[in-house]
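Have a look at the structure below before the remarks.
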Amino acid sequence: MSFSSDVKSELCRLGVSKLCCARSEAYGVLLCCSTFTAREVRIVTESADFAARLPKLFQRSFGVAFDRLPEAEEGRKFVFQITGQDKLHTIVDLLGYEARQNLVLHINFAMLEEDCCRDAFLRGAFLAGGSVTDPVKRYHLELTTSHLQASRELSALLREMGYEPRQVVRSGYQVTYFKSSRQIEELLTRVGAPLSAMELMNAKAEKDLRNGVNRRVNCEAANVGKVVDAALEQLSAISRLYELGRVEDLPEKLKETIILRETYPELSLSELAAEFDPPISKSALSHRLRKLTELAQQ
């Protein structure tokens, strides 16, 4: 199963209880389903859990049953349909639309005044037209509808709730989407999928840890390269001083530095400074090595 399927399964484990929330969830389903007009409701889903939830949801919300129930999987899809005019008029009236006029779908915000109803509405929208990518791969959640005005108002609703959705048109459908892992976590928790939100957080933490380790390894590798390059430059300068016969005339501190650098060519400045007796500071050692390099260059 995909991560989206797991999320929808978790959402469908919630009970269909309060009438206002059930109706709000069904409202979200209708605005994001395949077809919702004054002549037909048609809902197509690949989720068996959502398919099992739909008849109970519509019975609780509108007191109606589907005219067509899926007898079996139809190419892995379940198809529900309502065409009876009395049932359609009941649904349209309860949602605050005018059935006798051209049904231009928008969000009836009077139905979504309570936070619980807004959460239920978003849950229905996700069940019917939503998907979320496996967080191991990337962070992406989207809600899709074919209704332009409803899409704009959905985006406005989400902004009012504190989210920052983006919008795009894809194959004639209006897509409202998120790429922020934090906002996806919050949204999943809000609509009733806290376990899926936790799975996303765990995936993000593991990804951040892995990236942190990689950055540290790369940084350490870069530092090792710098240490090696510096040591080679210093050893080259020392070799040049030997060729010029100038080592014997150097001060004792510089002679000691030459001996220890030749003895421990792999050590960093901090580690090499600790080998002196008594130990010296890193800046003092850096000054001595810089002096040796300048003498060799002269």
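The values are calculated or read from the model by the stated rules, or taken from the named source; none is laboratory data. Quick caveat, the model's predicted, so the values are computed rather than measured. Positions of Cβ are backbone-derived with ideal geometry, glycine not excepted, and every protein chain shown enters the neighbour counts.
General observations
- Hits in the range 189-220 (condition: closer than 17 Å to Leu14 by Cβ and out of contact with any Asp or Glu (no Cβ under 9 Å at 6 or more places or on another chain)): Thr189
Yes/no per residue for (1) aromatic (Phe, Trp, Tyr); (2) within 15 Å of Ile91 (Cβ to Cβ); (3) without any contact (Cβ under 8 Å) to a residue 40 or more places away in the chain; (4) in contact with a helix residue (DSSP H, G or I) (Cβ under 6 Å, 6 or more places away or on another chain):
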position	(1), (2), (3), (4)
Glu10	no, no, no, yes
Lys18	no, no, no, no
Asp49	no, no, no, yes
Leu54	no, yes, yes, no
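- Count - residues of the range 272-298 that are over 49 Å from the mean Cα position of the chain (by Cα), touching a residue at least 12 places away in the same chain (Cβ under 8 Å) and more than 13 Å from Arg261 (Cα to Cα): 4
- Identity of the residue in the range 187-239, at pLDDT below 80 and either of a type in the set (S, T, N, Q) or touching a His at 6+ places or on another chain (Cβ under 9 Å) (or both), that ends up farthest from Asp134 (Cα to Cα): Asn223
- Single match in Tyr163, Tyr177 (criterion: touching a Lys or Arg at 6+ places or on another chain (Cβ under 7 Å) and either at negative phi or of a type outside the set (Val, Ile, Thr) (or both)): Tyr177
- Residue match in the range 265-279 (condition: part of a loop (DSSP other than H, G, I, E, B), at pLDDT 85 or above and closer than 17 Å to Ala296 by Cα): no
- Pairs with Cβ under 7 Å, 6+ apart, first in the range 110-134 and at negative phi, second basic (Lys, Arg) and buried (at least 24 other Cβ atoms within 10 Å of the Cβ): Leu127/Lys8
- Scanning the range 116-149 for residues being of a type in the set (A, V, I, L, M), buried (at least 21 other Cβ atoms within 10 Å of the Cβ) and outside any strand (DSSP E or B) gives a total of 5.
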